[in-house]
1. Distance check, please: which entries in Lys70/Lys138; Lys117/Lys217; Lys172/Lys325 exceed 18 angstrom between their Cα atoms?
2. Can you check what the net charge comes to around Ala243, using other residues whose Cβ is under 11 Å from the Cβ of Ala243 (Lys, Arg +1; Asp, Glu -1)?
3. Please list, or write none, the aspartates and glutamates whose alpha carbon is within less than 13 Å of the alpha carbon of Lys298, excluding same-chain residues fewer than 8 places away.
4. Among Asp289, Asp333, Asp66, what is the fewest-to-most ranking by other Cβ atoms within 10 Å?
5. What is the distance in Å between the Cα centres of the range 100-165 and the range 205-249?
6. Can you give the calculated 222 nm mean residue ellipticity of the chain, where each DSSP H run of n ≥ 4 adds -39,500 (n - 2.57) and the sum is split over every residue, rounded to the nearest 500 deg cm²/dmol?
7. Take Cys16, Cys180 and order them by how many other Cβ atoms sit within 10 Å, fewest up front.
8. So, how do all the Cα-to-Cα distances of the chain break down into 10 Å bins, in percent, from 0 on up?
Amino acid sequence: MVFIGMDHGTTGISFCIMSDDGDVVDVFKIGREESKKGLVSAREEITKRVDLESVKLMAITYAMGDGISKILPTNKVKDRGILSIGGAGKVTGGGTSVFSELQDLNIPSVMIPGLHKDSTSLNELFRAAYSHQASPEKVSISYNAIKETGWTNFIVADISSNSVDILIEDGKIKGAIDACLGAMGIVHGPLDLQMLRDIDENNASANDCFSHAGAIKIADIDGKVANMKDQLLENYRNGDEKAILAIDTLIMTVAMEIAGLDVVCENEIEGIVLTGSIGSATEPFDFKDEINKYFKNKYPLKVISKESGAIGAAQIAMDVYNGKKEILGIEVDI
């Protein structure tokens, strides 16, 4: 008996296969571009690793997840659980093709919602302030963080192509700050005044600006999303001043966002969980050490797997299958 978790990430779609005793059997990733072009098949990658009849439940994350607010059976979700694909960064179609393949597998599955204005599980102040706070994989990341730390009052910092920080109080998600609002990631970031002017003057779309507002904006890097991180880190290793400034700026914005969430937490923060390809990085810089320069050992810092989105989704699948009716304050309705 196994469970599967799927993380619909920016550069690719990750999967975790987990045994019924909670051990990770395998984690693998499918590139968006490769999937769209038919160079790799999600069905083939899954079936060569596991007998489909042994899969008890799969938990899926997809895009913004703003069309649902509960964990629901996939066959009861309309329009893949999203209101619109607009404003979500570069669209390749790779994620959609993988989703279609998963539906064709005909194995039991549920979909995890994103965090948005209709998420009744969230604090009403966050819902009033922001129409969208985080996509569904941030829920699974947060669940994995609870499993790894045992904490119930903490902040999760997921730093990769984009940066999203999530506040958890009493074991429930209170709110989060989305990539277009606060901290920079490698690719995506907040829309500043100059970008708003560019949009008003029809020099760029809002989506184009969002997709070039991260550290790459400072490092003057462009190209395929999947290659930008490697290019930035290579430039950093080579001592490129723009790349160094870009990384240092990214870290500073993340520190500000974490500090802001700490301020609105009513309980004492137990620590900060770091994840994502940058949040878990140890070279060419150690993100944990760099962010701690701002916090000066105020918080315990815990690094979890950069694949926490897929792992957490598999953990959600297992716990939902075993009868759990609520995940991080989100209702399970199956």
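Values quoted throughout were computed directly from the atomic coordinates according to the rules given, and no laboratory measurement underlies them. A quick note: this is a predicted structure, and the numbers were derived from the prediction, not measured. No Cβ is skipped: glycine too gets one built from the backbone with ideal geometry, and neighbour counts run over all protein chains shown.
1. Numbers: Lys70/Lys138 14 Å; Lys117/Lys217 29 Å; Lys172/Lys325 13 Å.
Lys117/Lys217, as the Cα separations exceed 18 Å there.
2. Values: positive: Arg237, Lys242; negative: Asp220, Glu234, Asp240, Glu241, Asp248.
In short, -3.
3. The qualifying aspartates and glutamates are Asp262, Glu268, Glu270, Asp289.
4. Numbers: Asp289 10, Asp333 13, Asp66 23.
Going from least to most buried by this count: Asp289, Asp333, Asp66.
5. Here the two parts' Cα centres lie 26 Å apart.
6. On the way: 13 runs with 124 residues, N = 334.
Here the helix-only value at 222 nm equals -10500 deg cm²/dmol.
7. Working: Cys16 28, Cys180 21.
Taking fewest neighbouring Cβ atoms as first place, the list is Cys180, Cys16.
8. Final binned percentages: 6, 27, 36, 24, 6, 0.
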